[in-house]
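J.: I'd like to ask you about the structure that follows.
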Amino acid sequence: SKAPKKGLNLDFFHTPNGEPCYIGHDDGYYDARQRFLMIVQQMRQTLGDDAVTFIQDRGFWGEDFMKAMTDMDLCFIQWEKGYEDDAWNDKYTYSGQTTIIRRKNNTRDRSKLRFYFREQLWKKHPNGRRIIVRTSAVNGKVREFSIVTNDPALSAEKIIELIFNRWIQEGDFSYENSHF
């Protein structure tokens, strides 16, 4: 139909444990990256101007966006968009392994995941780090991911834990779409 339609975007910020801590709303005029930067400014005015690291998915990927975050003294942790399993053998500064318990939407639904990783310098941004991660899927196939960050303080192990556990919120949104 040609009737006018109105959408409302709700952007949620969560703590690392998955609790919502700030929500912003806007119409569909701005791109998600533009809304994000505006909402961060509002959040800082409301909650304070503390240093914050944001964990984001590939939808926020963009050199201009990441530069804007850096200019605002924000840190990011993101999946590297377009990564093609080709950097494991590149020069690295640190390597190791870590295990996390991945929580899903049910408190009894947990799985133990083991990761091997290699940390590399990522020269595209100040304090840039790239963490190449390998893990085995349920079928035994080795999967490789690239995580990029400009946070100089967090350990590679903590970064891996944070980004692999961020899907709790995504599952919540899928649940809401399906049932409400």
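J.: Out of all the residues in segment 44-83, which are over 17 Å from the mean Cα position of the chain (by Cα), open to solvent by 40 Å² or more (accessible area, probe 1.4 Å) and closer than 15 Å to Y22 by Cα?
T.: Scanning segment 44-83 gives R44, Q45, T46, L47, D49, D50.
J.: Report every pair of residues separated by at least 6 positions or lying on different chains whose Cβ atoms are under 7 Å apart, first residue within segment 68-87 and aromatic (F, W, Y) and modelled with pLDDT of 90 or more, second assigned to a loop (DSSP other than H, G, I, E, B) and surrounded by 12 or more Cβ atoms within 10 Å (Cβ to Cβ).
T.: Filtered contacts from segment 68-87: W79/D57.
J.: Looking only at segment 58-81, which residues are in contact with a strand residue (DSSP E or B) (Cβ under 6 Å, 6 or more places away or on another chain) and within 17 Å of F13 (Cβ to Cβ)?
T.: Within segment 58-81, M69, C75, F76, I77, Q78 meet the criteria.
J.: To continue, here is another question. Return the pair list, or none, for Cβ contacts closer than 6 Å from residues in segment 122-144 that are among the small types (G, A, S) to residues that are in a strand (DSSP E or B), at least 6 apart or on different chains.
T.: Going by the 6 Å Cβ cut-off, the qualifying pairs are S136/V142; A137/R143.
J.: Let me ask something additional. Report the residue count in segment 117-152 for those that are open to solvent by 70 Å² or more (accessible area, probe 1.4 Å) and not in a loop (DSSP other than H, G, I, E, B).
T.: Adding up the residues that qualify gives 5.
J.: Determine whether S95 is small (G, A, S), open to solvent by less than 20 Å² (accessible area, probe 1.4 Å) and modelled with pLDDT of 85 or more.
T.: no
J.: Report, by residue number, each residue of segment 107-116 that is open to solvent by 100 Å² or more (accessible area, probe 1.4 Å) and in contact with a Lys or Arg (Cβ under 6 Å, 6 or more places away or on another chain).
T.: R110, Y116 - these are the residues of segment 107-116 that are open to solvent by 100 Å² or more (accessible area, probe 1.4 Å) and in contact with a Lys or Arg (Cβ under 6 Å, 6 or more places away or on another chain).
J.: Looking at segment 125-147, is at least one residue within 20 Å of C75 (Cβ to Cβ), in contact with a strand residue (DSSP E or B) (Cβ under 7 Å, 6 or more places away or on another chain), modelled with pLDDT of 90 or more and among the polar types (S, T, N, Q)?
T.: Checked segment 125-147: at least one residue is within 20 Å of C75 (Cβ to Cβ), in contact with a strand residue (DSSP E or B) (Cβ under 7 Å, 6 or more places away or on another chain), modelled with pLDDT of 90 or more and among the polar types (S, T, N, Q).
J.: Still on this structure, I have one more. Which numbered condition in (1) within 23 Å of K67 (Cα to Cα); (2) modelled with pLDDT of 75 or more is the only one that T46 fails?
T.: (1)
J.: Continuing with this model, one more query. With the structure loaded, tell me whether G62 is under 30 Å from R134 (Cβ atoms) and either among the basic types (K, R) or modelled with pLDDT of 75 or more (or both) or whether it fails that test.
T.: Yes: the conditions hold for G62.
J.: Has segment 84-101 got at least one residue that is within 18 Å of the chain's Cα centre (by Cα) and at positive phi?
T.: Looking for residues that are within 18 Å of the chain's Cα centre (by Cα) and at positive phi, one finds none in segment 84-101, hence no.
J.: Which members of segment 153-180 meet the condition of being among the polar types (S, T, N, Q) and either at pLDDT 90 or above or in a loop (DSSP other than H, G, I, E, B) (or both)?
T.: Across segment 153-180, the qualifying residues are S155, N165.
The values are calculated or read from the model by the stated rules, or taken from the named source; none is laboratory data. Just so you know, these numbers come straight off a predicted model, no measurement behind them. With ideal geometry, Cβ positions are generated from the backbone for all residues, glycine too; neighbour counts draw on all protein chains shown. Please note that ligands, DNA and RNA were not included when accessible areas were found on the heavy atoms of the full protein model with its side chains. Shrake-Rupley method; radii C 1.70, N 1.55, O 1.52, S 1.80 Å.
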